Amino acid sequence: MSPFSAPKVLTTMTLSQLFLLSTYSIVMHCCPSKATVQPPQTTEMVLYFQDFLLGPTPPSSRSQFGTVFIADDPITETPDPSSAMVGRAQGMYVISALDASSAQAIFSIVFTNQAYNGSTLEIQGTGKQLERVLEYSVVAGTGKFRFARGYATFETIPMDVSRGYSVIQCNVTVRHD
Ligand SMILES: *[C@@H]1O[C@H](CO)[C@@H](O)[C@H](O)[C@H]1NC(C)=O
Ligand SMILES: *[C@@H]1O[C@H](CO)[C@@H](O)[C@H](O)[C@H]1NC(C)=O
């Protein structure tokens, strides 16, 4: 044996011990947080917005770039306006294409029903005005819907055109904590 073999072995052992130690510390750091991670829940719901076009704005302004519509629609459990209240849809729609073909929607679903009272979902996106079904993103939420992400479809059911009254069927699919 050369006089240098002993230090070499020591060095090798030290390196492998160091490697073992660092692996051990990674495992120790990984495990506790892994145990607290919950798989996200998925919630699906079908809601009905009772939409009345009120105020001085004539429907023809739907064809003008930059027009802003502010909405505060009651949301019910069925298309019937006298069915149980779920909450309100509060926010705005802006005609956002130069040729007025699409609108930007930014609004909150503010829940007031027993199951989700005080919780909200944030809806955002662009949609073609004349499409039968529009799809917007669900970008966030509060309360029962913290960390929400998903999508919502909107289909208008005309009810009373002369009064500017329609019901919008809204199907929401969200993943949340
Ligand atoms: C929702 O919460 C508000 C305020 O906390 C309360 O006044 C109301 O009764 C609640 N509604 C339901 C349906 O639980
Ligand atoms: C929304 O859900 C209802 C009830 O499940 C269904 O009949 C309808 O086709 C759905 N709408 C869209 C656009 O997926």
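The values are calculated or read from the model by the stated rules, or taken from the named source; none is laboratory data. All of these numbers come straight from a predicted model, not from anything done at the bench. Note that we place each Cβ from the backbone using ideal geometry, even for glycine, and neighbour counts take in every protein chain shown. Ligands, DNA and RNA are stripped out before the accessible areas are found, and what is left, the full protein with its side chains, is counted by its heavy atoms. Shrake-Rupley method; radii C 1.70, N 1.55, O 1.52, S 1.80 Å.
Going through (1) closer than 27 Å to LEU130 by Cβ; (2) modelled with pLDDT of 95 or more; (3) in a loop (DSSP other than H, G, I, E, B) one by one, THR57 falls short only on (2).
Of the residues screened, LEU130 is not one that is on the phi < 0 side of the Ramachandran plot and buried (at least 18 other Cβ atoms within 10 Å of the Cβ). Of all residues being in a strand (DSSP E or B) and open to solvent by 30 Å² or more (accessible area, probe 1.4 Å) in segment 154-164, which is nearest to ligand 2 (Cβ to nearest atom)? Just the residue, please. Ranking the candidates gives GLU155 first.
For the residues VAL167, VAL138, VAL110, the requirement of being surrounded by 16 or more Cβ atoms within 10 Å (Cβ to Cβ) and within 16 Å of ligand 1 (Cβ to nearest atom) singles out VAL110. Against the definition (within 16 Å of ligand 1 (Cβ to nearest atom) and either under 16 Å from the mean Cα position of the chain (by Cα) or under 18 Å from THR43 (Cα atoms) (or both)), how does GLY87 come out, yes or no? When the stated conditions are applied, GLY87 passes them. Applying the selection to segment 84-115, what residues are more than 23 Å from GLY141 (Cβ to Cβ) and either in a strand (DSSP E or B) or within 16 Å of ligand 2 (Cβ to nearest atom) (or both)? Scanning segment 84-115 gives ILE95, SER102. Note on segment 116-127: among residues that are among the small types (Gly, Ala, Ser) and assigned to a loop (DSSP other than H, G, I, E, B), the one that is most open to solvent (accessible area, probe 1.4 Å) is GLY118.
I need the full set of residues from segment 141-150 which are in a strand (DSSP E or B), within 13 Å of PHE111 (Cβ to Cβ) and more than 16 Å from ligand 1 (Cβ to nearest atom), in order please. Walk me through it before giving the result.
Just the residues of segment 141-150 that are in a strand (DSSP E or B), to begin with: 141-142, 149-150.
Subset that is within 13 Å of PHE111 (Cβ to Cβ): 141-142.
Scanning segment 141-150 gives a single hit, GLY141.
Checking ALA140, ALA105 one by one, the residue that is at pLDDT 95 or above, hydrophobic (A, V, I, L, M, F, W, C) and farther than 17 Å from ILE168 by Cα is ALA140 and no other.
Regarding segment 84-92, can at least one residue be identified that is free of Cβ contacts under 8 Å to residues at least 40 places away in the same chain and touching a helix residue (DSSP H, G or I) at 6+ places or on another chain (Cβ under 9 Å)? Within segment 84-92, none of the residues are free of Cβ contacts under 8 Å to residues at least 40 places away in the same chain and touching a helix residue (DSSP H, G or I) at 6+ places or on another chain (Cβ under 9 Å).
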